[in-house]
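Below: the structure, in structure tokens.
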Amino acid sequence: MSEAAPRDRRAMIAIDLGAESCRVSLLRWLNGSPHIELVHRHPNAPVSHNGELRWDLGQITQQIDAGLRKCAEIATEGVRSIAADGWAVDYVRLDASGRAIADPFCYRDERTIHSRAAVFERIPAARLRAITGIEMSRINTLYQLYADPDQLQERPWLTLPEYILHRLGGRAVGEYTNATHTQLVDAEKRSWSPEIFRETGLVQAAAPPIVRPGTVIGKLTGEQFDLRALAGAALIAPACHDTASAIAGIPDSGDDWAYISSGTWSLVGTVLREPINGEEAQAADFTNQGAVGGRICFHKNVNGMWLLRQCMTEWAAEIDWSIPELIAAAENFAPPGSVLDVDDPDLLLPGEMPARINRQLKRRGLQPLVEGAEAAPRMTSLILHSLAARYREIVSSLAHITGKKLRRIYIVGGGSRNTLLNRLTAAATGLEVRCGAVESATIGNFAVQLAALEDSQSDGVEAATTAHWAQQLASAIF
């Protein structure tokens, strides 16, 4: 195991691509201790044009370049490595020179509504689930690729974080944690499924080779980065999916913990050595997605702080509450007599959330709440108690299906700051709650880089080594 500080004290850079903002962060070793600084952040959002919803790739890459140049100015000791993680499923088609053919589609584009139905006509949903262990979300890359016109089907493609690394000089790869989100990977074999490609008519040769998290895929090149500090920086594929990166940022190598990646959505799960894809897992709609060290993020997607944020949008015209203010005010209310079904499909839709909540209460014969901003703390209390109750149900199911004796639960992401929800979660689940970093994906990104370079793992990293480095970085975040 490596010492607390690495042998090579040059800086490292983490690129985190987010659907709402993209960030470039710098890890430096100051007086032997790690320090992580957010160097550059820029807003991100899909753009609607001619009825299509796409990402502005030029803007994303321009801002990443700006962040890299800022890092080079700060890190006079030089930059050792660069890695990128981000949201899954969206991809870039490449021309013969390896450049992007067009701006990539956003997963929210409606073209997959029809393409998913067409895919199921060629290969049944039950068979897809049996091969991949992945939930049948229409945003999965499989349905997006199928929707591409025939003239693009033979063009190679890369999901976004891997494209960013390829553009910087890395070879074209598909990192394992991101590849599993395509719904094209055989869960047992951890490789592309020839059956799915064959049955859907997709071109397997267009898919990149799959590599493990922590694989060194090249060195930084390009005239735009002719900066001394960046010279020779290794390009590393970390856990390219941001959730897998956030879980890699949890400093625990044991087997008795669960996690909640808490934000707009809540991903409630645990890490497994092998996928679980039996009838119970399928009935409960747990998904098997890639994790560091060849492991599996076994979790369920739950409606999260979306509920409260949508309510806050409605209340803002009357009272512009902040989340800390609402949490503090909600502390004054006793637990509600009944809780919401937070995964009610109606509550997944945008707009009029207080009214949507009341519609559910009325359907169930329960007393509706006042919808105005003056009663926001009471509705906030209901939402948070309801989320905690849902977490309890899923954790119970998780323990039953996996056979694990769970003792603690790590909460990472923005929800880790929600003190009331964390306390309610501890009470509801009976587990010790440990709060991780808001930017846990950044920590996980850096931890994988350190594990790859300090432990000479050019073809991937181990979970225990990554957890060790996450522990060293736990207090270093900006």
(message) Please compute the modelled spin-label separation between I319 and R7, points set 7 Å along Cα→Cβ, answer in nm with one decimal.
(response) 6.0 nm
(request) Write out the trypsin sites (Lys or Arg not before Pro) in region 177-214 meeting two conditions: DSSP loop, and at most 11 other Cβ atoms within 10 Å of their Cβ. (result) K189
(message) Need the C-alpha centroid separation for region 61-129 versus region 11-37, integer Å.
(response) 20 Å
(request) Please give the length that would be gained between V203 and S475 if that part of the chain were fully extended, namely 0.36 nm times their separation in residues minus their C-alpha to C-alpha distance (nm, one decimal). (result) 93.4 nm
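Could you calculate the FRET efficiency of Q151 with R407 from 1/(1 + (r/R0)^6), where r is the beta carbon distance between them and R0 is 45 Å, rounded to 0.05? Walk me through the numbers on the way to the answer.
On the way: r = 54 Å, r/R0 = 1.21.
Efficiency, rounded to the nearest 0.05: 0.25.
In terms of the Cα gyration tensor, with a ≥ b ≥ c the square roots of its eigenvalues, is region 64-213 rounded because a/c is under 1.5, prolate because a/b exceeds b/c, or oblate? Numbers along the way, then the final one.
Numbers: a/c = 2.22, a/b = 1.86, b/c = 1.19.
Prolate.
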(message) Just to compare against my own numbers: the Cα pair-distance distribution for region 194-254, 5 Å bins, whole % per bin, please.
(response) 4, 13, 13, 13, 15, 18, 11, 8, 4, 1
(request) Find the centroid of the Cα atoms in region 305-350 and in region 353-374, then give the distance between the two in whole Å. (result) 11 Å
(message) Using the Cα atoms of region 250-332, I'd like the radius of gyration and the largest Cα-Cα distance, Dmax, both in angstrom.
(response) 17.4, 51
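Take every DSSP beta bridge whose two residues both sit in region 70-213, then give the antiparallel share in percent to the nearest 5. Walk me through the numbers on the way to the answer.
Numbers: 6 of 8 bridges.
Around 75 percent antiparallel, to the nearest 5.
Per residue, how much accessible surface does region 137-201 expose to a 1.4 Å probe? Answer in Å², no decimals. Numbers along the way, then the final one.
On the way: 2260 Å² over 65 residues.
Per-residue value: 35 Å².
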(request) Multiply the residue separation of A355 and E188 by 0.36 nm, subtract the distance between their alpha-carbon atoms, and state the gained length in nm to one decimal. (result) 55.7 nm
(request) Name the residues whose placed amide hydrogens come within less than 5 Å of the amide hydrogen of S81, ignoring near sequence neighbours (fewer than 5 apart) on the same chain. (result) I13, A234
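For the peptides 131-142, 337-348, what is the packing order when you average, over each peptide's residues, the other Cβ atoms within 10 Å and list the highest mean first?
Values: 131-142: 21.5, 337-348: 15.0.
Output ranking for 131-142, 337-348: 131-142, 337-348.
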(request) Pick out, in residue order, every one of the trypsin sites (Lys or Arg not before Pro) in region 55-111 that is DSSP loop and has at most 14 other C-beta atoms within 10 Å; say none if there are none. (result) R99, R108
(request) Calculate the length of the line joining the C-alpha centroid of region 226-251 to that of region 140-203, in whole Å. (result) 21 Å
(message) Checking understanding here: applying a Kyte-Doolittle mean of at least 1.0 and a length along the axis of at least 24 Å (C-alpha), which whole DSSP H helices in the chain pass?
(response) none
(request) Excluding residues on the same chain fewer than 8 positions from K404, give the lysines whose Cα lies under 22 Å from its Cα. (result) K300
(message) Which one, G290, L267, L307, projects farthest toward the positive side of the charge dipole computed for region 266-402 from Cβ point charges (K/R +1, D/E -1)?
(response) G290
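Is there a quick way to get the dipole size of the chain? I mean about its Cα centre, with the Cβ of Lys and Arg at +1 and of Asp and Glu at -1; what is the value in debye to the nearest 20? Could you put the intermediate results ahead of the total?
Values: 47 positive and 56 negative charges, 112 e Å.
Roughly 540 debye, rounded to the nearest 20.
Tell me the per residue accessible area of region 343-478 using a 1.4 Å probe; a whole number in Å² is fine.
Details: 5400 Å² over 136 residues.
Per residue, region 343-478 has 40 Å² of solvent-accessible surface.
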(message) Using Cα-Cα distances under 8 Å and only pairs 6 or more residues apart, what relative contact order does the chain have, in percent?
(response) 17 percent
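Starting from the Cα gyration tensor of the chain, multiply each eigenvalue by 5, take the square root, and state the resulting semi-axes largest first in whole Å. Don't skip to the end; give the middle numbers.
On the way: eigenvalues 238, 151, 104 Å².
Three semi-axes, in Å: 35, 27, 23.
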(request) Could you list which residues have their amide H under 5 Å from that of G174, counting only those 5 or more apart in sequence or on another chain, with H placed in the peptide plane? (result) I210, V211
(request) Considering only DSSP beta bridges where both residues belong to the chain, give the percentage that are antiparallel (nearest 5). (result) 70 percent
(message) Under 16 Å from a point placed 7 Å out from the Cα of E121 along the Cα-to-Cβ direction: which residues of region 195-210 have their backbone N that close?
(response) 199-202
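Counting only protein heavy atoms and a 1.4 Å probe, tell me what percentage of the chain's accessible area is made up of carbon and sulfur.
Here carbon and sulfur together make up 49 percent of the probe-accessible area.
The values are calculated or read from the model by the stated rules, or taken from the named source; none is laboratory data. Bear in mind the structure is a predicted one, so any value in this text is a computation, not a measurement. Note: ideal-geometry Cβ built from the backbone for every residue, glycine included; neighbour counts use all protein chains shown. Please note that ligands, DNA and RNA were not included when accessible areas were found on the heavy atoms of the full protein model with its side chains. Shrake-Rupley method; radii C 1.70, N 1.55, O 1.52, S 1.80 Å.
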